[in-house]
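Written out below as structure tokens is the structure these notes cover.
The values are calculated or read from the model by the stated rules, or taken from the named source; none is laboratory data. For clarity, every value in this text was computed on a predicted model and none was experimentally measured. A quick note on method: Cβ atoms are made from the backbone with ideal geometry, for glycine too, and the neighbour counts reach across all protein chains shown. Each accessible area value is taken on the protein alone, full model and side chains, heavy atoms only, with ligands, DNA and RNA left out. Shrake-Rupley method; radii C 1.70, N 1.55, O 1.52, S 1.80 Å.
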Amino acid sequence: MAASIRTLALRTFCDSTRNIQHVSRSRVKHSCCPAWVTVCRGYSDGTEGKSTHFGFETVPEEEKAERVYKVFESVAGKYDVMNDAMSLGIHRLWKDSLLHVMNPQPGLRLLDTAGGTGDISFRFLEYTRSMHERQQRQKARSSQTPSWRDLADHYATNQTGLPPSRAVVCDINKEMLKVGKQRAEKAGISTGLSWVVGDAEELPFDDDQFDIYTIAFGIRNVTHIEQVLQEAVRVLKPGGRFLCLEFSKVSNPVLARLYDAYSFQMIPVLGEVIAGDWKSYQYLVESIRKFPDQETFKEMIEDAGFFCVQYFNLTGGIVSIHSGFKL
């Protein structure tokens with residue numbers, strides 16, 4: 001009965017949002033599981049002899065993951081500074097928009113896949129903390145002259161309360177996680193936050209573990225997008241939500257020309273000046289052009305098994321938020 005009610009509710013939600021466009025599916029790859037991780041999933045590789053893209057370059061599938069690892073290992077120390085420089089700070093607004101679309105309630109558990117330096121997890125924990133405090137203030141205002149029993153009940157509720165919101169940052173790159181941990185320590189963020197070395201194509205988690213799965217500016221770097229999406233379905237709880245923030249396709253031809261000129265002529269130069277690494281940022285620009293457009297990605301997400309799939313364009317389609325639910 002509970003399952004049928006949940007299914008009906010989600011389908012009703014889906015029907016009410018059909019005016020918003022949809023999303024797609026993908027897959028990724030993983031080499032080895034850390035010894036301290038309790039769960040390891042093994043997939044037959046089957047990549048021998050196959051090729052894929054690394055930016056505009058064609059490479060063997062087994063080579064791409066290693067080359068992407070080296071890119072982010074190289075830029076980890078300047079990653080956040082470069083994000084501000086490349087986007088003129090707009091990436092912060094895109095990530096804020098992701099949280100507003102997500103609208104997480106206190107007590108939920110987030111898996112921040114390809115979470116790198118922790119931007120999405122930091123926002124998630126701050127958002128749910130603020131939401132909890134706002135709910136507590138509303139409760140306090142609802143009883144203007146509480147009795148001693150009301151006060152006692154309110155105190156007991158605050159002591160037990162909801163289980164704390166939790167965020168798990170999972171990234172294959174140890175250098176990115178190292179930078180993220182340093183940022184968290186500097187900001188005094190520790191409660192409810194953990195860091196895991198893991199591959200999005202073979203996540204080191206049991207089935208049905210998370211309420212929300214996010215992947216921000218990471219899925220275009222994987223070898224097999226479809227496998228990443230299948231893993232997202234697996235680790236989400238029934239009713240859980242998938243959210244992907246990623247560069248996409250600009251529809252306006254004038255904006256598209258300006259965007260291409262800026263991307264190819266300025267971003268590698270900024271990479272050389274700020275991070276001392278032209279090639280890595282040339283790859284990042286090229287990888288954006290190789291990523292599927294909004295409609296194609298929507299179909300991939302649906303094929304992976306998600307429902308109520310939709311997407312929201314930001315900044316003229318430079319970036320899109322893709323959303324889907326596991327029933």
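Side notes on the structure shown:
- Selection within the range 240-253 - more than 22 Å from residue 221 (Cα to Cα) and surrounded by 14 or more Cβ atoms within 10 Å (Cβ to Cβ): 240
- Test: residue in the range 214-232 that is open to solvent by 30 Å² or more (accessible area, probe 1.4 Å), more than 19 Å from residue 313 (Cβ to Cβ) and assigned to a helix (DSSP H, G or I): yes
- Among the residues examined, residue 196 does not qualify as buried (at least 21 other Cβ atoms within 10 Å of the Cβ), among the aliphatic types (A, V, I, L, M) and at pLDDT 95 or above.
- Complete set of residues in the range 303-327 that are in contact with a Lys or Arg (Cβ under 7 Å, 6 or more places away or on another chain), part of a helix (DSSP H, G or I) and open to solvent by 20 Å² or more (accessible area, probe 1.4 Å): 303
- Answer from 237, 298 - the residue that is outside any helix (DSSP H, G or I) and surrounded by 15 or more Cβ atoms within 10 Å (Cβ to Cβ): 237
- Selected residue (criterion: farthest from residue 132 (Cα to Cα)) from residues of the range 91-117 that are polar (S, T, N, Q) and assigned to a loop (DSSP other than H, G, I, E, B): 117
- Residue check for residue 274: in contact with a Lys or Arg (Cβ under 7 Å, 6 or more places away or on another chain), within 26 Å of residue 89 (Cβ to Cβ) and open to solvent by 30 Å² or more (accessible area, probe 1.4 Å): yes
- For the range 158-188, a tally of residues being open to solvent by 50 Å² or more (accessible area, probe 1.4 Å), closer than 29 Å to residue 325 by Cα and out of contact with any Asp or Glu (no Cβ under 6 Å at 6 or more places or on another chain) returns 4.
- Hey, residue 208 assigned to a loop (DSSP other than H, G, I, E, B) and either at pLDDT 95 or above or out of contact with any Asp or Glu (no Cβ under 8 Å at 6 or more places or on another chain) (or both) or not: yes
- Of all residues in the range 277-290, those that are surrounded by 18 or more Cβ atoms within 10 Å (Cβ to Cβ) and either of a type in the set (Phe, Trp, Tyr) or closer than 18 Å to residue 311 by Cα (or both) total 3.
- Residue in the range 78-96 that is free of Cβ contacts under 8 Å to residues at least 24 places away in the same chain and of a type in the set (Val, Ile, Thr) present: no
- In the range 65-83, the qualifying residues are those that are modelled with pLDDT under 90 and open to solvent by 70 Å² or more (accessible area, probe 1.4 Å), and the one that is farthest from residue 117 (Cα to Cα) is 66.
- Of the residues examined, residue 256 is one that is under 23 Å from residue 313 (Cα atoms), of a type outside the set (S, T, N, Q), in a helix (DSSP H, G or I) and open to solvent by less than 30 Å² (accessible area, probe 1.4 Å).
- The range 44-57 residues that are under 25 Å from residue 285 (Cβ atoms), paired with ones that are modelled with pLDDT of 75 or more and open to solvent by 100 Å² or more (accessible area, probe 1.4 Å) (beta carbon under 7 Å, 6 or more apart): 51/58
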